[in-house]
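**Q** Okay, handing you the structure first.
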Amino acid sequence: DQQVKQNSPSLSVQEGRISILNCDYTNSMFDYFLWYKKYPAEGPTFLISISSIKDKNEDGRFTVFLNKSAKHLSLHIVPSQPGDSAVYFCAAKGFGNEKLTFGTGTRLTIIP
Amino acid sequence: DAGVIQSPRHEVTEMGQEVTLRCKPISGHDYLFWYRQTMMRGLELLIYFNNNVPIDDSGMPEDRFSAKMPNASFSTLKIQPSEPRDSAVYFCASSSPRDRGEETQYFGPGTRLLVL
């Protein structure tokens, strides 16, 4: 049972435009959500996170939005740059639990 | 700090052979995680340790898989006997709640395993 779902395996976006990556979850006990970015032959690296008490968190070009009622979060990248081409993983955890549950990832390609 | 260190980076073996993957977490981190990445299932948590003690091994596929953490600076994931379906990238990650900020886990570069 996939508790964290990324339904788009891939996404292509023109350089300079907005990239929007989506993630859905089913477990209502999740209260902290993260996005990780992964380049080929490297481990995932943390990008941005959001607590369930917020609905938005911003860090430079990256913004994460959380819609708790819909159990949905999204990552916005504006403007998109070639270096953003990578696989993006959505992850979630419950309060007091160190265990992260990951989605299957979305491969983002930025077209110059 | 050098980050999480994994060895080997690549492993090619034949079906039935024993495979041992190694991990050195970031110094001072008291949580260690083993993940497996496949195209179909993404990143799956296999097992995690807290202060060298296994906390949750519900993700370990079957008895062929075992993990140990004999001390705070070393962990192994062993597959015996290996099968072609074990082919994947295996990641080790570590974390420390005391460093609570936004990031929770730091990942190593992974071991790419191919079982022929």
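**Q** Within the range A:52-65, is there a residue that is surrounded by 13 or more Cβ atoms within 10 Å (Cβ to Cβ), under 30 Å from B:Leu113 (Cα atoms), within 14 Å of chain B (Cβ to nearest Cβ) and of a type outside the set (Phe, Trp, Tyr)?
**A** no
**Q** Continuing with this model, one more query. Return yes when B:Ala88 is over 14 Å from B:Arg22 (Cβ atoms), of a type in the set (A, V, I, L, M, F, W, C) and either touching a residue at least 40 places away in the same chain (Cβ under 8 Å) or surrounded by 15 or more Cβ atoms within 10 Å (Cβ to Cβ) (or both) and no when it is not.
**A** So B:Ala88 passes the test.
**Q** I've got another one for you. Within the range B:33-83, how many residues turn out to be surrounded by 21 or more Cβ atoms within 10 Å (Cβ to Cβ), away from every other protein chain (no Cβ under 14 Å) and farther than 17 Å from B:Ser7 by Cα?
**A** Looking only at that region, the number is 1.
**Q** Which one of these is modelled with pLDDT of 95 or more and not in a strand (DSSP E or B): B:Ser66, B:Ser82, B:Ser58, B:Ser75?
**A** After applying the criteria, what remains is B:Ser82.
**Q** For A:Thr104, which of the numbered conditions (1) within 12 Å of chain B (Cβ to nearest Cβ); (2) in contact (Cβ under 8 Å) with a residue 60 or more places away in the chain; (3) outside any loop (DSSP other than H, G, I, E, B); (4) farther than 16 Å from B:Thr104 by Cα fails to hold?
**A** A:Thr104 satisfies all of (1) within 12 Å of chain B (Cβ to nearest Cβ); (2) in contact (Cβ under 8 Å) with a residue 60 or more places away in the chain; (3) outside any loop (DSSP other than H, G, I, E, B); (4) farther than 16 Å from B:Thr104 by Cα except (3).
**Q** Has the range B:96-104 got any residue that is within 10 Å of chain A (Cβ to nearest Cβ), buried (at least 16 other Cβ atoms within 10 Å of the Cβ) and part of a strand (DSSP E or B)? If you could, list the steps in order and put the result at the bottom.
**A** Our first condition is that a residue be within 10 Å of chain A (Cβ to nearest Cβ); within the range B:96-104, this holds for B:96-97, B:101-104.
Those left that are additionally buried (at least 16 other Cβ atoms within 10 Å of the Cβ): B:96, B:104.
Subsequent filtering for residues that are part of a strand (DSSP E or B) retains none.
Scanning the range B:96-104 turns up no residue that is within 10 Å of chain A (Cβ to nearest Cβ), buried (at least 16 other Cβ atoms within 10 Å of the Cβ) and part of a strand (DSSP E or B).
The values are calculated or read from the model by the stated rules, or taken from the named source; none is laboratory data. Every value quoted in this text rests on a predicted model; they were computed, and no experiment measured them. No Cβ is skipped: glycine too gets one built from the backbone with ideal geometry, and neighbour counts run over all protein chains shown.
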